[in-house]
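Only one structure is covered here, and it is reproduced in the block below.
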Amino acid sequence: MARLTRYSKFESELDDIDSGELMQMIQEALLGQGMNDPYDPDPNARPSMDDLFDAILNALAEKGMIPEDMLAEAMQAAGDIQDTRLGQQIQKMMDKLQQDGFIRKEFEDGEGGGTGQPGDAKFNLTDKSIDFLGYKSLRDLMGGLGRSSAGAHETRDYSSGIDMMGELKNYEFGDTLNLDTTATLTNVISKGFENMENSDLVVRQSEYSSSAATVVLLDCSHSMILYGEDRFTPAKQVALALAHLIRTQYPGDTVKFVLFHDSAEEVPISKLAQAQIGPYHTNTAGGLRLAQQLLKRENKDMKQIVMITDGKPSALTLPDGRIYKNAYGLDPYVLGATLREVAQCRRSGIQVNTFMLARDAELVGFVRRVAEMTRGKAYFTTPHNIGQYVLMDYMSNKTKMVN
């Protein structure tokens, strides 16, 4: 009698899932870990290896990739699921993520009270993992835009010697000698070498690709997860995608990241991916002030702030370092200080483009005022389309930013 083989929905072995595929499956869980309690957020939360185990288990279950016999055994297990065949298989996947350089396992000690036991194990995302997540986020967002590549920022200004696709012009002092041989020789032959002047030289104009310095301001106040919607995880995905876009398509540009809440601090992209929401207010003035300090160090044609927020300004750092807070309405004291920072951005030639994740009437008015003051843009978006808006804006023509 022929042997009967029964196939589950997922016909391959779980061993066949490589680390890259697994990272794609759990990318949102990796970026959103620690934010599952909207009423008592912990800004210092760090994901554990148990969190990673659960993320992989959930991803496999959602995609129907668990063989039926393994699933049945795990569901009927009286003890810990990690002791079942399925649990052991997931442990192997976690080990492979470490071996392939996507995560780095650590144990808490000292003040953290760790004992070095498995229950104390945390993990960090590596640079390889951050780059992978940025690439994946960018690919997903660009797919939504219907575009697969992007060039450099386009402006109305021209300079010779960058992109030899422009029109011809007579040479002027200071131009790079990207001579158009045919046109130049025609002038020389018609006038003779003895009568040749600088203006007889003909150069081909090229499109001038401006360089940009960008600071992304990310709101991590409590409201970003409070109202039944995680707005912070999509914001972090946008940040990773933008960083990857700039690194690969605009190597002359720079991007830095600032978290603003009761105060504000710069955060490297390696730490941004696992940043958490806290029980914070919204110190927009503090974020704008720090962003300006970072942009002053940059020698770029264009300087801009990309602000992603869902709340009106509700906090302010006082001269003595104390934090003044008022979450009720649009406090005139907080608003005045915030608009002074906006005015300083305008005087420094810094454009502020705001991506708003809420539509409160007072908030809409504030955002439009910011845009008008800095000749920036205001976008009213959702967590589902914010990434496309940010990337479209970044890649759009920056003619208003370069004279």
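The values are calculated or read from the model by the stated rules, or taken from the named source; none is laboratory data. These numbers were taken from a predicted model, which means no experiment stands behind them. Using ideal geometry, Cβ is built from the backbone for each residue, glycine included, and neighbour counts are taken over all protein chains shown.
Only one of the listed residues (Thr354, Thr317, Thr309) is in contact (Cβ under 8 Å) with a residue 60 or more places away in the chain, of a type in the set (Ser, Thr, Tyr) and in contact with a helix residue (DSSP H, G or I) (Cβ under 8 Å, 6 or more places away or on another chain). That residue is Thr309. The C-beta contact set for region 91-103 (first residue at positive phi, second residue basic (Lys, Arg), distance under 6 angstrom, 6+ apart or interchain) comprises Gly101/Lys128.
Filtering region 254-263 to residues that are over 13 Å from the mean Cα position of the chain (by Cα) and crowded, with 22+ Cβ neighbours inside 10 Å leaves Phe260, His261. Which residue out of Leu31, Leu57, Leu52, Leu86 is under 23 Å from the mean Cα position of the chain (by Cα), assigned to a helix (DSSP H, G or I) and either surrounded by fewer than 17 Cβ atoms within 10 Å (Cβ to Cβ) or modelled with pLDDT of 90 or more (or both)? After applying the criteria, what remains is Leu52. Does at least one position in region 311-325 carry a residue that is surrounded by 20 or more Cβ atoms within 10 Å (Cβ to Cβ) and modelled with pLDDT under 90? Taking every residue of region 311-325 in turn, at least one turns out to be surrounded by 20 or more Cβ atoms within 10 Å (Cβ to Cβ) and modelled with pLDDT under 90. Criterion applied to Ser223, Ser211 was being buried (at least 19 other Cβ atoms within 10 Å of the Cβ) and either out of contact with any helix residue (DSSP H, G or I) (no Cβ under 9 Å at 6 or more places or on another chain) or at pLDDT 95 or above (or both), and the one residue passing it is Ser223. Could you say whether any residue in region 299-308 is assigned to a strand (DSSP E or B) and of a type in the set (D, E, K, R)? Yes, region 299-308 has at least one match.
When the residues of region 119-142 are filtered to those that are in a helix (DSSP H, G or I) and among the aliphatic types (A, V, I, L, M), the one that is surrounded by the most Cβ atoms within 10 Å (Cβ to Cβ) is Leu133. Within the bounds of region 356-369, is there any residue that is closer than 22 Å to Leu141 by Cβ, aromatic (Phe, Trp, Tyr), in contact with a Lys or Arg (Cβ under 8 Å, 6 or more places away or on another chain) and assigned by TED's automatic domain parsing to the domain that holds Leu245? No, because not a single residue in region 356-369 is closer than 22 Å to Leu141 by Cβ, aromatic (Phe, Trp, Tyr), in contact with a Lys or Arg (Cβ under 8 Å, 6 or more places away or on another chain) and assigned by TED's automatic domain parsing to the domain that holds Leu245.
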